[in-house]
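As structure tokens, the structure follows; a few thoughts come after it.
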Amino acid sequence: MPSQYLNYVGGEWLASRSGRTFPNINPANTDEVVGEFQASGPDDVAAAFATAKRAQPAWAAVPAPRRGEYLFKAAEILERQLTAVATDMTREEGKTLPEAAGEVKRAINIFRYFGGEGSRLFSYQIPSERENVFCFTLRKPLGVVALITPWNFPIAIPAWKLAPALVAGNTVVIKPASLAPLSALRLIEALEQAGLPAGVVNYVTGSGGAIGDAMLEDASVKAVSFTGSCAVGDSLYEKATRRRLRVQLEMGGKNPTVVLADANLDVAAATLVNAAFFSTGQKCTACSRAIVERAIYEPLVDKLVARTRALKIGNGLEPGIDMGPAVDQSQLDTDLEYIAIAQREGAQLLCGGKRLTGGSYDKGFFVEPTIFGGVTPAMRIAQEEVFGPVLALQVAEDFDEAMGLANGVRFGLSAAIISNDISRVHQFINRIEAGLITVNLPTAGVEYQLPFGGTKESSFGMREQGPAALDFYTETSTVYLKHTV
Ligand code: NAP
């Protein structure tokens, strides 16, 4: 019998009112049901918001450094369970165990970082023009916030939304992705064990289509932070802004790596393989386009293809595996569909291109890491997010053409350049339309203590992570205080 997991509302573990559940399936072995989760409905969501609303004033009255202490304690609890939590993550999402362990460690670091923010919560003191007037700003919590998270970073993303929201004095209702709800539940358990007061954090599972509207329409919700696809993000934006809710959206990418002629080709190939194929290309910051100066195109292709063919693909719980499966049948179908589209549109298949079958592969959603050469800007593979292990190579005659290709998409999340030409690198940093810029590093692999977010259609609203995260979860009041005696 698979384990049954419950919602967490008002400090209690509860079944959905309908009693319905849905299964969480291991994408590397579809015979394994990781757990049964609550298929909640709008009434479950309403109960969660009601309890969050009741708990908020008392939580806001807890001094911020003490709010931070709950995060420190939860981080300690998670640290003791790191391997078990990471193993569950690999079972539900498919990423390799070392990748999952790194992500759990990141969630722990995020809790510690924002726990420390409880002792800072910096605001400004600014001189007044008038005598005996003292002016300063004050950060106040928003109230109740709704968090909606995706499956690809199933513990880090919930952590980087929950931690700043809580330390700032908000109460929360979080809905994790239905494909990977267990990792977020582990965070909630750690907060419960840390003694967080009842009602401060509430966790409700269920299909976004069934309960998303209820989360946005509840009268108590003041803000929504969403990470996921552009299609869902765009529809949330319309609903949230109609109600004048504060909204933060982190969505898709088509992240380029520009490789200039002076690049060290081994560094370039290793960086591209890491950025394009680790986590099965299922990172919003994964590199899906390499834009390469013609002079080094052929030798780079040789190195890239050799490294890619050497990757070991399989169940991420096994040692030595470099790349796990696609997260589900639908994502596998999308990967294969884009591979077929690229071939129909005339791109040159350099390696990969097929679903992996035979033996244990038949039980999972495994696809070969795939590289296409000769990709032109009009091809869909150059413009649309696949969210799988598919890399498109584009040739540029010079730096200016490379910049045009890199910026010629609707997304602007992350971008990399591989070069030691300092003046070109500076020009790249200035001209690239991306919220995250890396030099001689993969497009993915960002750190929690720095602001995170994109430009163009990748993101909307304030940055997440780092000190910037608190801006979204706090309201600023400006105070003018005159001494009259
Ligand atoms: P998704 O399908 O948009 O789902 C994201 C979340 O939204 C899930 O919890 C989902 O619930 C929920 N949802 C679905 N329909 C909804 C609705 N009508 N109302 C409210 N919520 C709804 O995205 P995904 O497939 O999980 O994640 C992949 C996408 O996320 C990619 O595009 C990737 O680039 C993006 N992403 C972006 C970042 C970033 O920081 N920029 C980071 C990670 C991922 P269900 O699971 O129940 O459908």
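The values are calculated or read from the model by the stated rules, or taken from the named source; none is laboratory data. The structure presented is a predicted model; accordingly, all values stated were derived computationally and were not measured. Methodologically, a virtual Cβ is constructed for each residue, glycine included, from the backbone with ideal geometry; neighbour enumeration extends over all protein chains shown. Heavy atoms of the whole protein, side chains included, go into the accessibility calculation; ligands, DNA and RNA do not. Shrake-Rupley method; radii C 1.70, N 1.55, O 1.52, S 1.80 Å.
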* To do: Scan the stretch 311-321 for residues that are in contact with a strand residue (DSSP E or B) (Cβ under 8 Å, 6 or more places away or on another chain) and either without any contact (Cβ under 8 Å) to a residue 40 or more places away in the chain or open to solvent by 50 Å² or more (accessible area, probe 1.4 Å) (or both) and jot them down.
  => 312
* Structure fact -> Taking the stretch 193-225 and the residues there that are over 19 Å from residue 36 (Cβ atoms) and among the polar types (S, T, N, Q), the one that is surrounded by the fewest Cβ atoms within 10 Å (Cβ to Cβ) would be 193
* **From 199, 209, residue being assigned to a loop (DSSP other than H, G, I, E, B) and either closer than 18 Å to residue 44 by Cα or near the ligand (Cβ under 10 Å from one of its atoms) (or both)** => 199
* To do: Just give me the residues in the stretch 1-28 being open to solvent by 40 Å² or more (accessible area, probe 1.4 Å), assigned to a loop (DSSP other than H, G, I, E, B) and at pLDDT 95 or above, in sequence order.
  => 6, 15, 17, 18, 19, 20
* Take residue 433 and decide whether it is assigned to a loop (DSSP other than H, G, I, E, B), open to solvent by 60 Å² or more (accessible area, probe 1.4 Å), within 16 Å of the ligand (Cβ to nearest atom) and in contact with a Gly (Cβ under 6 Å, 6 or more places away or on another chain). => yes
* Asked: For residue 276, all conditions in the list (1) open to solvent by 10 Å² or more (accessible area, probe 1.4 Å); (2) under 20 Å from residue 419 (Cβ atoms) hold save one; what is the number of the exception?
  -> (1)
* Taking only the stretch 348-380 into account, find how many residues are aliphatic (A, V, I, L, M), more than 20 Å from residue 282 (Cβ to Cβ) and open to solvent by 20 Å² or more (accessible area, probe 1.4 Å). => 3
* Please determine, by comparing only the residues of the stretch 226-245 that are open to solvent by less than 60 Å² (accessible area, probe 1.4 Å), over 15 Å from the mean Cα position of the chain (by Cα) and not aliphatic (A, V, I, L, M), which one is farthest from the ligand (Cβ to nearest atom). => 241
* To do: Could you please let me know if residue 31 is closer than 27 Å to residue 177 by Cβ and in a loop (DSSP other than H, G, I, E, B)?
  => yes
* Hey, among 282, 248, which residue is near the ligand (Cβ under 8 Å from one of its atoms), open to solvent by less than 10 Å² (accessible area, probe 1.4 Å), polar (S, T, N, Q) and within 30 Å of residue 439 (Cβ to Cβ)? -> 282
* For residue 301, state whether it is touching a Gly at 6+ places or on another chain (Cβ under 7 Å), farther than 25 Å from residue 451 by Cα and open to solvent by less than 50 Å² (accessible area, probe 1.4 Å). => yes
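Within the stretch 437-448, work out how many residues are open to solvent by 20 Å² or more (accessible area, probe 1.4 Å) and within 15 Å of the chain's Cα centre (by Cα). Break it down into steps so the answer makes sense when it comes.
In the first step, residues of the stretch 437-448 are kept if they are open to solvent by 20 Å² or more (accessible area, probe 1.4 Å); the result is 437-442, 445-448.
With the extra rule that they be within 15 Å of the chain's Cα centre (by Cα), the set shrinks to 445-448.
Residues meeting the conditions: 4.
Let's see how each residue does on (1) in contact with a Lys or Arg (Cβ under 9 Å, 6 or more places away or on another chain); (2) free of Cβ contacts under 8 Å to residues at least 60 places away in the same chain:
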| residue | (1), (2) |
| --- | --- |
| 34 | yes, no |
| 39 | yes, no |
| 45 | yes, no |
| 63 | no, yes |
| 77 | no, no |
| 85 | yes, no |
| 88 | yes, no |
| 92 | no, no |
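Table: residues versus (1) away from the ligand (no atom under 14 Å from the Cβ); (2) open to solvent by 10 Å² or more (accessible area, probe 1.4 Å); (3) closer than 10 Å to residue 473 by Cβ.
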site: 151; (1), (2), (3): no, yes, no
site: 155; (1), (2), (3): no, no, no
site: 159; (1), (2), (3): no, no, no
site: 165; (1), (2), (3): yes, no, yes
site: 174; (1), (2), (3): no, no, no
site: 188; (1), (2), (3): yes, no, no
site: 191; (1), (2), (3): yes, no, no
* Structure fact -> Among strands (runs of 3 or more DSSP E) entirely within the stretch 253-356, at least 2 residues that are under 21 Å from residue 230 (Cβ atoms) and charged (D, E, K, R) occur in none
* Got at least one residue in the stretch 102-125 being open to solvent by 40 Å² or more (accessible area, probe 1.4 Å), assigned to a strand (DSSP E or B) and either closer than 20 Å to residue 8 by Cβ or away from the ligand (no atom under 16 Å from the Cβ) (or both)? -> yes
* Structure fact -> By residue number, the members of the stretch 355-380 that are away from the ligand (no atom under 16 Å from the Cβ), touching a helix residue (DSSP H, G or I) at 6+ places or on another chain (Cβ under 8 Å) and not aromatic (Phe, Trp, Tyr) are 355, 367, 369, 370, 371, 373, 375, 376, 377, 379
* To do: Please determine, by comparing only the residues of the stretch 441-469 that are out of contact with any Pro (no Cβ under 9 Å at 6 or more places or on another chain) and of a type in the set (S, T, N, Q), which one is farthest from residue 249 (Cα to Cα).
  => 455
* To do: Would you check if residue 483 is surrounded by fewer than 15 Cβ atoms within 10 Å (Cβ to Cβ), modelled with pLDDT under 95 and away from the ligand (no atom under 14 Å from the Cβ)?
  => yes
